[in-house]
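Down below is the structure, laid out as structure tokens.
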Amino acid sequence: MRIPIINAKGGVTKTTSAIYLALAASRNDQPVEVLDADVQGHASLWAYAAEDAGTPLPFPVAITNIVNLERLKPDDSKWTIIDAAPSGKIIDVCIRIADYIIIPTSDSPMDLQQVRAVMDIIPPEKPCAVLVTRAQRNTRAFGQTVAMLDDTEHQGAQAMPRFETVIPMRQDIKRAMGSAPSKLYEYGDAYVELKEDIARMKEGNR
Ligand SMILES: Nc1ncnc2c1ncn2[C@@H]1O[C@H](COP(=O)(O)OP(=O)(O)OP(=O)(O)O)[C@@H](O)[C@H]1O
Ligand SMILES: [Mg+2]
């Protein structure tokens with residue numbers, strides 16, 4: 001399962017979501033690896049720092065590039081979560097090879113414009129879902145973001161597939177870089193949703 005985490009915007013929790021979802025998968029005995037497809041190397045940095053701290057991540061994190069990604073074959077025996085760079089050709093390649101695309105976004109209506117731009121280049125038959133993260137539930141911005149994602153009322157509006165699970169703003173998650181955090185928080189629920197959606201997809205019921 002090739003599962004890229006993409007967004008044309010930087011700092012929307014792509015790396016954090018890649019590592020936490022891989023952690024959740026690993027702790028649920030789902031074979032998983034992370035491919036670091038961002039020259040910033042934050043996923044690799046996370047893995048090395050965790051190793052140095054004596055709490056190595058329980059899954060491999062490998063560096064990749066456009067050429068390797070292009071050649072990544074479908075493989076149902078494991079999940080390959082790809083931490084993509086926020087710009088460049090890598091996003092197109094990730095979309096092309098993806099079996100399932102995750103688009104993390106903040107709870108800002110402005111950031112949703114970027115999500116829409118990404119959605120516009122994803123072929124309609126490609127399974128994908130938006131994950132709202134770093135959210136502050138009791139704010140107007142959060143309410144607006146969810147309403148815009150789910151909007152089918154306005155002319156031309158199209159609801160965007162999204163995780164029901166929302167990842168709130170959490171200091172623990174913010175500080176998790178370089179460790180193998182013991183608590184998965186809402187990422188545990190996001191993992192279950194993802195697993196169920198992939199199962200539906202395989203049965204052809206999605
Ligand atoms: N749920 C959360 N609550 C609070 N802070 C968070 C949460 N998730 C991520 N962060 C913080 O948000 C920042 C951006 O996250 P991250 O580096 O994962 O984004 P990114 O999309 O990979 O960025 P880039 O485009 O630079 O690769 C980091 O400082 C991270 O620690
Ligand atoms: Mg990143």
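So which residues in the stretch 99-118 are crowded, with 18+ Cβ neighbours inside 10 Å and either farther than 26 Å from Asp172 by Cβ or not hydroxyl-bearing (Ser, Thr, Tyr) (or both)? Even if it seems obvious, please write down each step before you answer.
Restricting attention to the stretch 99-118, the residues satisfying the condition of being crowded, with 18+ Cβ neighbours inside 10 Å are 99-108, 111-112, 114-115, 118.
Answer for the stretch 99-118, where residues must be crowded, with 18+ Cβ neighbours inside 10 Å and either farther than 26 Å from Asp172 by Cβ or not hydroxyl-bearing (Ser, Thr, Tyr) (or both): Asp99, Tyr100, Ile101, Ile102, Ile103, Pro104, Asp107, Asp111, Leu112, Gln114, Val115, Val118.
Take the residues in the stretch 14-30 that are away from ligand 1 (no atom under 12 Å from the Cβ) and of a type outside the set (A, V, I, L, M), then tell me which one is farthest from Pro109 (Cα to Cα). Lay out the reasoning, then the answer.
Keep residues of the stretch 14-30 that are away from ligand 1 (no atom under 12 Å from the Cβ), which gives 22-30.
Filter again for of a type outside the set (A, V, I, L, M), leaving 26-30.
Numbers: Ser26: 33, Arg27: 34, Asn28: 34, Asp29: 36, Gln30: 34 Å.
Checked the stretch 14-30; the qualifying residue farthest from Pro109 (Cα to Cα) is Asp29.
With respect to Ile90, is the statement that it is of a type in the set (Val, Ile, Thr), within 12 Å of ligand 1 (Cβ to nearest atom) and either under 12 Å from the mean Cα position of the chain (by Cα) or not in a helix (DSSP H, G or I) (or both) true?
Working: of a type in the set (Val, Ile, Thr): yes; within 12 Å of ligand 1 (Cβ to nearest atom): yes; either under 12 Å from the mean Cα position of the chain (by Cα) or not in a helix (DSSP H, G or I) (or both): no.
It is false that Ile90 is of a type in the set (Val, Ile, Thr), within 12 Å of ligand 1 (Cβ to nearest atom) and either under 12 Å from the mean Cα position of the chain (by Cα) or not in a helix (DSSP H, G or I) (or both).
Residue-wise test of (1) at pLDDT 95 or above; (2) open to solvent by 40 Å² or more (accessible area, probe 1.4 Å); (3) within 16 Å of ligand 1 (Cβ to nearest atom).
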residue	(1), (2), (3)
Ile5	yes, no, yes
Val12	yes, no, yes
Val32	yes, no, no
Leu35	yes, no, yes
Ala50	yes, no, yes
Gly54	yes, yes, no
Val67	yes, yes, no
Ser77	yes, yes, no
Thr80	yes, no, no
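Can you spot a residue in the stretch 152-160 that is under 17 Å from the mean Cα position of the chain (by Cα) and at pLDDT below 95? Walk me through it before giving the result.
Just the residues of the stretch 152-160 that are under 17 Å from the mean Cα position of the chain (by Cα), to begin with: 160.
Adding the requirement that they be at pLDDT below 95 leaves 160.
Checked the stretch 152-160: at least one residue is under 17 Å from the mean Cα position of the chain (by Cα) and at pLDDT below 95.
Please specify each residue of the stretch 14-30 satisfying the condition of being open to solvent by 10 Å² or more (accessible area, probe 1.4 Å) and either outside any helix (DSSP H, G or I) or not basic (Lys, Arg) (or both).
In the first step, residues of the stretch 14-30 are kept if they are open to solvent by 10 Å² or more (accessible area, probe 1.4 Å); the result is 14-16, 26-30.
Within the stretch 14-30, Thr15, Thr16, Ser26, Asn28, Asp29, Gln30 qualify.
The values are calculated or read from the model by the stated rules, or taken from the named source; none is laboratory data. Just so it is clear, the model here is predicted, and its values are computed rather than measured. All Cβ positions, glycine included, derive from the backbone under ideal geometry; neighbour counts span all protein chains shown. These accessible areas exclude ligands, DNA and RNA; they are computed on the full protein's heavy atoms, side chains included. Shrake-Rupley method; radii C 1.70, N 1.55, O 1.52, S 1.80 Å.
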